[in-house]
4 protein chains.
Amino acid sequence: MTVELTRITADIAEHAAEYDRTGQFPQAGIDIVHQAGLLTASVAGRYGGREVGSLESAHILHALGEGDPSVALIAAMTLFTHAAQARTPKWPEELYAQVLDRSALEPTLLNSARVEPELGSPARGGLPATTARRTATGWSLTGTKRFVTGAHGLSYFLVWARTDETDTRVGTFVVRADSPGITVGNNWNMLGLRASGSVDVEFLDVDVPADHVIDLTDAAAGGQDNRAAAQLNTALAALYLGVGRAAQKEFHRFAHTRVPANLGKPLATTDRFRDLAGEIELQLSGAEDLLFSVIESDAEPTRLLGARVLAVRALTDAVGLAVRSIGNPGLSQDNHLQRHFRNVQSAGVHAPQQDTSIAIIGASALKSS
Amino acid sequence: MTVELTRITADIAEHAAEYDRTGQFPQAGIDIVHQAGLLTASVAGRYGGREVGSLESAHILHALGEGDPSVALIAAMTLFTHAAQARTPKWPEELYAQVLDRSALEPTLLNSARVEPELGSPARGGLPATTARRTATGWSLTGTKRFVTGAHGLSYFLVWARTDETDTRVGTFVVRADSPGITVGNNWNMLGLRASGSVDVEFLDVDVPADHVIDLTDAAAGGQDNRAAAQLNTALAALYLGVGRAAQKEFHRFAHTRVPANLGKPLATTDRFRDLAGEIELQLSGAEDLLFSVIESDAEPTRLLGARVLAVRALTDAVGLAVRSIGNPGLSQDNHLQRHFRNVQSAGVHAPQQDTSIAIIGASALKSS
Amino acid sequence: MTVELTRITADIAEHAAEYDRTGQFPQAGIDIVHQAGLLTASVAGRYGGREVGSLESAHILHALGEGDPSVALIAAMTLFTHAAQARTPKWPEELYAQVLDRSALEPTLLNSARVEPELGSPARGGLPATTARRTATGWSLTGTKRFVTGAHGLSYFLVWARTDETDTRVGTFVVRADSPGITVGNNWNMLGLRASGSVDVEFLDVDVPADHVIDLTDAAAGGQDNRAAAQLNTALAALYLGVGRAAQKEFHRFAHTRVPANLGKPLATTDRFRDLAGEIELQLSGAEDLLFSVIESDAEPTRLLGARVLAVRALTDAVGLAVRSIGNPGLSQDNHLQRHFRNVQSAGVHAPQQDTSIAIIGASALKSS
Amino acid sequence: MTVELTRITADIAEHAAEYDRTGQFPQAGIDIVHQAGLLTASVAGRYGGREVGSLESAHILHALGEGDPSVALIAAMTLFTHAAQARTPKWPEELYAQVLDRSALEPTLLNSARVEPELGSPARGGLPATTARRTATGWSLTGTKRFVTGAHGLSYFLVWARTDETDTRVGTFVVRADSPGITVGNNWNMLGLRASGSVDVEFLDVDVPADHVIDLTDAAAGGQDNRAAAQLNTALAALYLGVGRAAQKEFHRFAHTRVPANLGKPLATTDRFRDLAGEIELQLSGAEDLLFSVIESDAEPTRLLGARVLAVRALTDAVGLAVRSIGNPGLSQDNHLQRHFRNVQSAGVHAPQQDTSIAIIGASALKSS
């Protein structure tokens, strides 16, 4: 990690406990990411961006996640959106130019709104109920989306919806967050990533200009490809590995500073804590080496999925071991460790979940033999 | 579980989420336990009590724990105190009679105050810094104790202290909670068992009558025997198994009621949820069968310790599996499951911790072969 | 374990390595079991037997298994057959009397022959292809059975077959091992339990007297009930726990006698080996306490199945840990430990296997909530 | 894996079962490796060799290990010896030239002889008892070495010994295998890698020319550096990952060909086997990606050690899962799977073992924080 990222991690971390407590949108953290230019780090070179690759993106998310995973997750969605546009330009050029102009001036957050109450996760198949009705000037959008990360601070919602046309099409409608008809919920009250605000968003007759639509296609193509999501999800795992490193630092701090009266020296000097530290480091560094290597080598999707499953297991185990080894002090809400512990519980919730990933990997392995 | 205990579990459970939220002393839950006569269930027959054995005590704690583990832990301390007196009477008889009289009228909670800041846990050896100074009428007690469970609602503190005599003695000083000079802290802010209030208590020149002392002995005998603690700790594991059952019920509820749109029937009908339910039931019922059998058969201490280690592992794994399998809904603070998940994280913190238990078991096994 | 059983364990153990090497029928071990009267320990009191209960049977199998699990498995089949007859008499009385008379004189081994090549395990459903053709004097039996444990030393095969009648019936045909037309295979060449000889047996036009048939019933009732098998399989787990104890003894022997030059004292004096010994003892004693308690309390089938799954996991883990901790010496074929390691690999193969058990437990748990 | 390596794997595999059965030196396998030029693949370019790097070496060992890990382990020792000379030339040039000349004509195997009975593994510290006595023409070597892999087929022993000089020195004495005074034992009778013949070798007054000595140094420098061994041991893990892949192929073969009568189609079509295949592939591919990436990037020693620990755990778990899932057929000695299962049990025995590695990693992690 460069010195620069180390400093950003530290700056973000200063605010993390407070946002965790209140569950408010982590504006201070997002401002730090913006000022460091990281929200647009993945913007294509042809638009004047740095166009960082997937490996550097993963390192950025690792650093942000170590500081505050809520900030990292919100930032990730914007980073991924720009990266997708760099890879395969699908946005109307004029609209994208507006977004970039605004991004230069202020934190401009973008995120998809895909999941629906009746649909379960779209990653598991199905069509959206959210509907775009043709109007004279464009579309009128109505529907409810769930788990819209960072909704309270987004500049644009990228709403996946179906049209009301005879031959139904599906596509992504770009909705300015200040459009009339949008209600952002307050229903994010989770154990971890409390400031990520992945709430419900209701759209009621929201006007969308005709040219604010991305990739309108035949409804049959609407299902999300699990394999395509592998790269994105692998990068998200990097974010949680950052949390793992933050937890490790608390564990080390405890080991170095805790001096039991009957021992007369820090716990870090005991074989037991040395071995615990070894197991924790083993899990975290192994997961990092694996994850970054499959990202760097642009491995096939099943290996990306596999690396994510293994990384999530490793970091969850490592942080759990740290907490259990320390006992009560590690569970105290005055100790950052319990926050990190809560945060890593979300590592496995992003689609595709572990069981889906393993099924995909197994089907592929059996087929190729 | 009898119908009676089932009802008590349900009554206590109604208040659990609220006490978890506020962290207040769980008076409503304790009142329910008192009204059911369970706080004094272990009082000896010679004092007119029911004198329930260790197996029935464990079943009681399991039921209370399923309702609210904070209530169960506070009640356990009183139950254990009466059970110890039933087994080996050490209290001054007049004082104990007063305690019983009061217990008949209102919830009368007793608990030891042993741990000290500089001592680490006494279970790991060492003498207390808390000192009883000889006075004309008895003793004057000064010192600070940590992790005094239920301190805000106790009637008596049983304070482990040393005397200021030339030949130092150690013993337990029975201190009325309404004595002048006691300051109960508010430093319990934990991930789980939030209403158990295991706070610091300061004693400053607190008067203790001469006959309010239990078992004053030579300081050399002051260290707590890890093995003696095995029975008590095994019973505590039952409490957390109750939490495990509460978590399982939430998992089943989710499986029965969640109907993903693309599945069209409850998750409980899938092989995956059937197998997850199987693993969870396997862990919980196996841990219960093991724990209750070693308690019932009054097994040797190493087997009690071992049963507790295995039970804590099993219930932690089972609840963790339930949470991970459900994903985001299981982590929502609107779902009881995340509360149960937080609560079971405390299962392993009670002394002796797992590493100590395994060292004791291993030393014993190697010696006997 | 009584002194008597301890001696029998030791006597059997003396021959175990040699039978493991050759894979021959373990006659010397079986003779020891016979002379101790253990092959008929479960014969009903009404037939003059000791009629040991399921708990004592499990203790016997544990002791035999510690000596030689091949001997124990062969003996178990005879013990279980007598126990079934004690519980629900189904044998023709005259035939059973003959068996008991012979049992008094010499080792008289009985075992079912159920599995068939085309059937998979009958525990998973289906009807036998082996057919009993009506003859003037009884039946003529033809078919092939697999996994007939101890086939080379059995006195009677209890062959599960269908009749060639218009209304097909299924039942168990009692076939003397010295009947013409029987071919016992030599196709048992396994990693573990090498002397248990669970080979194929071919029956070609084998005459069976009309009164040598047990429980001829409607074919529809032919499927074996997975739940009924729970008790038997739980008892088999005791056998493998015996192997676990034998492995533990080798681990302790190594720890006590191995003195690395750079340590200057036995490995058993190190914290590392103490903790390893603790984990191994924890697993084995926990599994024993659990298994014996569910057997003793005659727990419901799902808890018996669950106890077996947990016991098999625990003993497999414990023996694996012992082997891995010792390194090369533990893998040497001059060390009994590697034999025990090979033997425990068979612990999970007996039907119902783990996945089936967990599915049954899960379905039951979801149903009852 | 290139087509070439795939063919070599297949050729070696043809002989593996037979060598496993007999425990003989695997000459046919070694000849195949020699003919493919792989025994000298790591010879430095300045000597006319291909000088393959550590990543290609690891891929070679992976391929050989998939064919026969005994062949791979023997070949590895020669490969590593040449690689060490390529990195830091320490051999007398004339002697090394002789070795290379011979290597061009016939398989010329080299291996260190370091471990001694009284020393435990030198990796854990200590000086050799084997002594080189000064003679008129060079040295006379006497002592016993253990675990000399491939001893029955070596061309040269590289014997670590002390001198009998007043100021004791230690160094490596290059001994031709056909020198008088060498006795190669037959004491390799292991569960796995049965043809690797890691036997005792006795040296009794064996003449060694004065210029056949490598790196004679002060005795104080005699201890082997655990960290220096990290690279070598990481490469060995690749060998066992090859075994893991061989085991996976058997698992897939079973899944594709086994058609239970009550299922009517191959097991590979079931969700259960798909998920098992997924978990196995996940473990193996994750371990490969991790291991090859740390080798390629020349990671710091603690990360190499860590990658090896994780790879050994993963491959052991994967092969164990394959065996347990198949049940009896997987344990049959007619099935290659049980051979692979036995072979992977040796994956963890090479120094530094897991506990040592974790202690090193933990000490380093605590220090750097």
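The values are calculated or read from the model by the stated rules, or taken from the named source; none is laboratory data. Just so it is clear, the structure is predicted and the values come from calculations on it, not from any experiment. As a convention, Cβ positions derive from the backbone with ideal geometry for all residues, glycine included, and neighbour counts pool all protein chains shown.
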Would you mind finding the one in B:Leu141, B:Leu127 that is in a loop (DSSP other than H, G, I, E, B) and in the same structural domain as B:Asp178 (by TED's automatic domain parsing)? B:Leu127
Which residues, counting only those in the stretch B:277-296, are within 7 Å of chain C (Cβ to nearest Cβ) and touching a residue at least 24 places away in the same chain (Cβ under 8 Å)? B:Ala277, B:Glu279, B:Glu281, B:Gly286, B:Val294
Matching residues, the stretch D:318-337, being within 20 Å of D:Ala16 (Cβ to Cβ), within 14 Å of chain A (Cβ to nearest Cβ) and surrounded by fewer than 20 Cβ atoms within 10 Å (Cβ to Cβ): none
If A:Ala307 passes every condition in (1) at the interface with chain D (Cβ under 7 Å from one of its Cβ atoms); (2) more than 17 Å from the chain's Cα centre (by Cα) but one, which one does it miss? (2)
Of everything in the stretch A:49-71, what is among the hydrophobic types (A, V, I, L, M, F, W, C) and assigned to a helix (DSSP H, G or I)? Give them in sequence order. A:Leu55, A:Ala58, A:Ile60, A:Leu61, A:Ala63, A:Leu64, A:Val71
I'm trying to understand the selection: among the residues of the stretch A:183-195, which are touching a helix residue (DSSP H, G or I) at 6+ places or on another chain (Cβ under 9 Å) and either within 11 Å of chain B (Cβ to nearest Cβ) or surrounded by fewer than 23 Cβ atoms within 10 Å (Cβ to Cβ) (or both)? A:Val184, A:Gly185, A:Asn186, A:Trp188, A:Met190, A:Leu191, A:Gly192, A:Leu193, A:Arg194
Selected residue [surrounded by fewer than 18 Cβ atoms within 10 Å (Cβ to Cβ), over 22 Å from D:Phe341 (Cβ atoms) and modelled with pLDDT under 95] from C:Ala220, C:Ala235, C:Ala230: C:Ala220
In the stretch A:338-369, which residue that is within 14 Å of chain D (Cβ to nearest Cβ) and among the aliphatic types (A, V, I, L, M) is farthest from A:Lys249 (Cα to Cα)? A:Leu366
Identify the residue in the stretch C:37-57 that is farther than 26 Å from C:Ser293 by Cβ and surrounded by fewer than 20 Cβ atoms within 10 Å (Cβ to Cβ) and, among all such residues, is nearest to the chain's Cα centre (by Cα). C:Gly37
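Quickly run through the stretch D:87-110 and pick out the residues that are among the hydroxyl-bearing types (Ser, Thr, Tyr) and either part of a helix (DSSP H, G or I) or buried (at least 16 other Cβ atoms within 10 Å of the Cβ) (or both). Walk me through how you get there before you give the answer.
Our first condition is that a residue be among the hydroxyl-bearing types (Ser, Thr, Tyr); within the stretch D:87-110, this holds for D:88, D:96, D:103, D:108.
D:Tyr96, D:Ser103, D:Thr108 - these are the residues of the stretch D:87-110 that are among the hydroxyl-bearing types (Ser, Thr, Tyr) and either part of a helix (DSSP H, G or I) or buried (at least 16 other Cβ atoms within 10 Å of the Cβ) (or both).
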Residues that are surrounded by fewer than 20 Cβ atoms within 10 Å (Cβ to Cβ) and assigned to a loop (DSSP other than H, G, I, E, B): does the stretch A:7-21 have at least one? no
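Of a type in the set (Asp, Glu), in contact with a helix residue (DSSP H, G or I) (Cβ under 6 Å, 6 or more places away or on another chain) and touching a residue at least 40 places away in the same chain (Cβ under 8 Å): which single residue out of B:Glu202, B:Glu250 fits that description? Give the steps one after another, and end with the answer.
Details: B:Glu202 fails: in contact with a helix residue (DSSP H, G or I) (Cβ under 6 Å, 6 or more places away or on another chain).
The match here is B:Glu250.
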Taking the stretch A:171-182 only, how many residues are buried (at least 24 other Cβ atoms within 10 Å of the Cβ) and aliphatic (A, V, I, L, M)? 1
Counting only residues that are in contact with a helix residue (DSSP H, G or I) (Cβ under 8 Å, 6 or more places away or on another chain) and either part of a helix (DSSP H, G or I) or without any contact (Cβ under 8 Å) to a residue 24 or more places away in the chain (or both), how many does the stretch B:23-36 have? 6
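Name the one entry in C:Arg274, C:Arg303 that is without any contact (Cβ under 8 Å) to a residue 40 or more places away in the chain and touching an Asp or Glu at 6+ places or on another chain (Cβ under 7 Å). If you could, list the steps in order and put the result at the bottom.
Details: C:Arg274 fails: touching an Asp or Glu at 6+ places or on another chain (Cβ under 7 Å).
The conditions single out C:Arg303.
Is it the case, given these coordinates, that A:Thr166 is of a type outside the set (A, V, I, L, M), outside any strand (DSSP E or B) and within 16 Å of the chain's Cα centre (by Cα)? Talk me through it step by step, then tell me what you get.
Numbers: of a type outside the set (A, V, I, L, M): yes; outside any strand (DSSP E or B): yes; within 16 Å of the chain's Cα centre (by Cα): no.
For A:Thr166, the condition - of a type outside the set (A, V, I, L, M), outside any strand (DSSP E or B) and within 16 Å of the chain's Cα centre (by Cα) - is not met.
Taking the stretch A:36-62, which residues are in contact with an Asp or Glu (Cβ under 9 Å, 6 or more places away or on another chain) and at pLDDT 95 or above?
At the first step, the residues of the stretch A:36-62 found to be in contact with an Asp or Glu (Cβ under 9 Å, 6 or more places away or on another chain) are A:36, A:41-45, A:50, A:53-55, A:58, A:62.
Hits for the stretch A:36-62 are A:Ala36, A:Ala41, A:Ser42, A:Val43, A:Ala44, A:Gly45, A:Arg50, A:Ala58, A:His62.
If we keep just the residues of the stretch D:264-275 that are touching a helix residue (DSSP H, G or I) at 6+ places or on another chain (Cβ under 8 Å) and more than 7 Å from chain A (Cβ to nearest Cβ), which is nearest to D:Val312 (Cα to Cα)?
Our first condition is that a residue be touching a helix residue (DSSP H, G or I) at 6+ places or on another chain (Cβ under 8 Å); within the stretch D:264-275, this holds for D:266-268, D:271-275.
Of the ones still in play, those that are also more than 7 Å from chain A (Cβ to nearest Cβ) are D:266-267, D:271-273.
Working: D:Pro266: 31, D:Leu267: 28, D:Asp271: 27, D:Arg272: 25, D:Phe273: 23 Å.
Result: D:Phe273.
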Scan the stretch B:196-206 residue by residue and report those that are more than 15 Å from B:Arg162 (Cα to Cα) and either within 18 Å of the chain's Cα centre (by Cα) or surrounded by 16 or more Cβ atoms within 10 Å (Cβ to Cβ) (or both). B:Ser196, B:Gly197, B:Ser198, B:Val199, B:Asp200, B:Val201
